[in-house]
1. Between a residue in segment 45-71 that is under 27 Å from T111 (Cβ atoms) and open to solvent by less than 30 Å² (accessible area, probe 1.4 Å) and any residue that is of a type in the set (G, A, S) and part of a loop (DSSP other than H, G, I, E, B), which pairs come within a Cβ distance under 8 Å, given they are 6 or more apart or on different chains?
2. Could you tell me which numbered condition L206 fails, if it satisfies all but one of (1) open to solvent by 60 Å² or more (accessible area, probe 1.4 Å); (2) under 16 Å from the mean Cα position of the chain (by Cα)?
3. Of all residues in segment 44-73, count the ones that are touching a Ser or Thr at 6+ places or on another chain (Cβ under 9 Å) and closer than 15 Å to A221 by Cβ.
4. Could you please tell me which pairs satisfy a Cβ distance under 6 Å, a separation of 6+ or placement on different chains, a first residue in segment 153-166 that is within 15 Å of G237 (Cβ to Cβ), and a second residue that is polar (S, T, N, Q)?
5. Go through the residues of segment 180-195 one by one and say whether even a single one is in contact with a Lys or Arg (Cβ under 8 Å, 6 or more places away or on another chain), open to solvent by less than 60 Å² (accessible area, probe 1.4 Å), on the phi > 0 side of the Ramachandran plot and touching a residue at least 24 places away in the same chain (Cβ under 8 Å).
6. Those residues that are within 15 Å of V145 (Cβ to Cβ) and in contact with an Asp or Glu (Cβ under 8 Å, 6 or more places away or on another chain), I need them from segment 190-221; list them, please.
7. Quick one: in segment 134-182, which of the residues that are assigned to a strand (DSSP E or B) and β-branched (V, I, T) is nearest to the chain's Cα centre (by Cα)?
8. Would you mind telling me which numbered condition in (1) touching a Pro at 6+ places or on another chain (Cβ under 9 Å); (2) closer than 22 Å to S176 by Cα I120 fails?
Amino acid sequence: MFDLSGKVALVTGGSRGIGAAVVEALAGAGALVAINYRNRRDAAEAVLARVEGAGGRAELVGFDVADSGAAADAIDGLAKRHGRLDILVNNAGIAIDQLLLRVKPADLEATWATNLNGAIYCAKAAIRPMMRARRGRIVFVSSVVGEAGNPGQTAYAASKAALLGVTKTLAREYASRGVTVNAVSPGYIDTDMTAALSDEVRGQALAQVPAGRMGTAAEVASAVLYLATDEAAYVNGHVLRVNGAMYC
């Protein structure tokens, strides 16, 4: 249904979980996808192999999104190499969970550096070639926690909530240049991150989901895919919730 043939995309944190599913969805629709990773090159290579095995096109782009210079250089190089950059999916993120009284300044700084600053650095670099082309799609991956809050996740919730403000602001700034900026807000998704939770915590989380099940990374990726297409050209500044009615 959706055709991204000829488009070039970058997915940050594309080596696992939701990011890997987004890479495969965009590549499956015809885009050439740059798979960003920080440390897990082996995991990124596995995603690359799956994409190529399915007949898609992808490449690896290793850099830390929290390093503004590295992000700018990598994204500028990607756009110059292919003559364009059409889609940016800001998915890279970390979670350091603690009750507020146990949160250390370093925890806040690390969370902010990756989840918020890193997303802004990548968006700033990607917007330049998009403005020149007068066409682009930026999608931020936020979280239901950023909208509803969650005990023990002050730093994570704050960073994901901040992304929604960035989304709405950039949508207003660059709509006239043909660039749309939207966010997806996943709920309780079955990934390696949630798999690490205890049975008790998983049960408590699942009890909050009216749909009665966890979502899948592929379901989040489908929402991202839609926002990256021409069909979503008039959807801008929107937060698309993928949460099984966990938060409405």
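1. V47/G14; V47/S15; V65/G13; V65/A92
2. Single failed check for L206: (2).
3. Result for segment 44-73: 1.
4. Partner pairs satisfying both residue conditions: L163/S142; L164/S142.
5. There is no residue in segment 180-195 that is in contact with a Lys or Arg (Cβ under 8 Å, 6 or more places away or on another chain), open to solvent by less than 60 Å² (accessible area, probe 1.4 Å), on the phi > 0 side of the Ramachandran plot and touching a residue at least 24 places away in the same chain (Cβ under 8 Å).
6. M214, G215
7. That would be V141.
8. (1)
The values are calculated or read from the model by the stated rules, or taken from the named source; none is laboratory data. Keep in mind that this is a model prediction, so the values were computed, not measured. In this analysis, Cβ positions are derived from the backbone assuming ideal geometry, glycine residues included, and neighbour counts consider all displayed protein chains. Surface areas here come from the heavy atoms of the whole protein model, side chains and all, with no ligands, DNA or RNA. Shrake-Rupley method; radii C 1.70, N 1.55, O 1.52, S 1.80 Å.
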